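A short reminder: the numbers here are calculations on the coordinates, not readings from a lab. All values derive from a computational prediction rather than experimental measurement. Positions of Cβ are generated from backbone atoms using ideal geometry, with glycine treated the same way; all protein chains shown enter the neighbour counts.
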Amino acid sequence: MQIVSPSLLAANFANLEKDIEMINNSNADWLHLDVMDGVFVPNISFGFPVLQAVAKICRKPLDVHLMIVKPEKFVKEVAALGAMMMNVHYEACLHLNRVIHEIHEAGMKAGVTLNPSTPVCLLEDVIRDVDMVLLMTVNPGFGGQKFIEHSLDKVEQLRQMIVRTGSKALIEVDGGVNKTTAVQLAQAGTDVLVAGSYVFGAENPYERIDYLKNL
């Protein structure tokens, strides 16, 4: 059984309320929110005015993924949304341990994201402190990219580290999740599947969410 966190990045931005109501009425566990600044990643998505509007109508826990420089500047703002999870990039945090504790002190769970080229071993010193690790299975910044096959090895490496250290961290993956890759990821040890176009681009998104959940 997988936790499913559909990515709002693939929703219809001309009618977000409709798509969020679909998520509310589905068996999705969380809603994944990708915040991009055009600096850390080569794209801009949405900011806090949109996040605040989404938070008012979404009844699922908010899984906030900050693809931005200096994410620690926005801990209070993310907490004010009522977010369940604040996820920051390893590559964007000079003092990662401090940021993790600031997130916890604000009442949220702390997640750390790794880009495809960042090795899992770099998390050795914080793996016991984080609640989740997000492995990017595409290069961050754009939806609809092809899944990077090496990501399966990284999931297995991360699972081994979690077991060895006694960490309680969940493993989340984001990028290229579809009917085929989802099965492979679940078998490799993933706990949480982020899916964008696979869910929001489907004729029946409810069925696709249920499929991912029941892997």
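Of all DSSP beta bridges located in the chain, what percent are antiparallel, nearest 5?
5
What lysines could a cross-link reach from Lys18, if we take a straight Cα to Cα line under 26 Å and drop same-chain neighbours fewer than 8 places away?
Output for Lys18: Lys56, Lys60, Lys179, Lys213.
Kindly state, to the nearest 0.05, the FRET efficiency for Thr180 paired with Phe48, given R0 = 30 Å and r defined as their beta-carbon distance.
Details: r = 36 Å, r/R0 = 1.19.
Result of the calculation: an efficiency of 0.25.
So what's the net charge close to Phe40: Lys and Arg +1, Asp and Glu -1, counting the other residues with Cβ under 11 Å from its Cβ? Numbers along the way, then the final one.
On the way: positive: Lys70; negative: Asp37, Glu91.
Around Phe40, the charge tally is -1.
Taking the Cβ-Cβ separation of Asn139 and Asp210 as r and a Förster radius of 41 Å, what is the calculated FRET efficiency to the nearest 0.05?
Working: r = 29 Å, r/R0 = 0.71.
Efficiency, from the Cβ-Cβ distance: 0.90.
Using per-residue counts of other Cβ atoms within 10 Å, averaged over each peptide, order 204-214, 79-89, 105-115 from highest down.
Numbers: 204-214: 17.1, 79-89: 21.7, 105-115: 19.3.
Highest mean packing first, the order is 79-89, 105-115, 204-214.
Report the percentage of all Cα-Cα pairs in segment 81-192 whose separation exceeds 25 Å, rounded to a whole percent.
On the way: 1123 of 6216 pairs.
Here the long-distance tail beyond 25 Å is 18 percent of all Cα pairs in segment 81-192.
Please give the Cα centre distance for segment 97-115 versus segment 142-189, rounded to the nearest Å.
About 20 Å separates the Cα centre of segment 97-115 from the one of segment 142-189.
What is the sum of charges around Ile57, taking Lys and Arg as +1, Asp and Glu as -1, for the other residues whose C-beta is under 15 Å from the C-beta of Ile57?
Details: positive: Lys18, Lys56, Arg59, Lys60; negative: Glu17, Asp19, Glu21.
Local charge sum for Ile57: +1.
If the chain between Glu105 and Lys73 were fully stretched, how many nm would it gain, using 0.36 nm times the residue separation less the Cα-Cα distance? Spell out each step's value before the answer.
Working: separation 32, 0.36 × 32 = 11.52 nm, distance 1.41 nm.
In short, 10.1 nm is gained.
Going Cα to Cα from Lys70, which lysines come in below 22 Å? Please leave out same-chain ones fewer than 8 positions away.
Output for Lys70: Lys109.
Based on the alpha-carbon gyration tensor of segment 3-213, what equivalent-ellipsoid semi-axes (square roots of 5 times the eigenvalues) come out, in whole Å, largest first? Kindly include the intermediate steps, with their values, before the conclusion.
On the way: eigenvalues 113, 88, 47 Å².
Over the Cα atoms of segment 3-213, the semi-axes work out to 24, 21, 15 Å.
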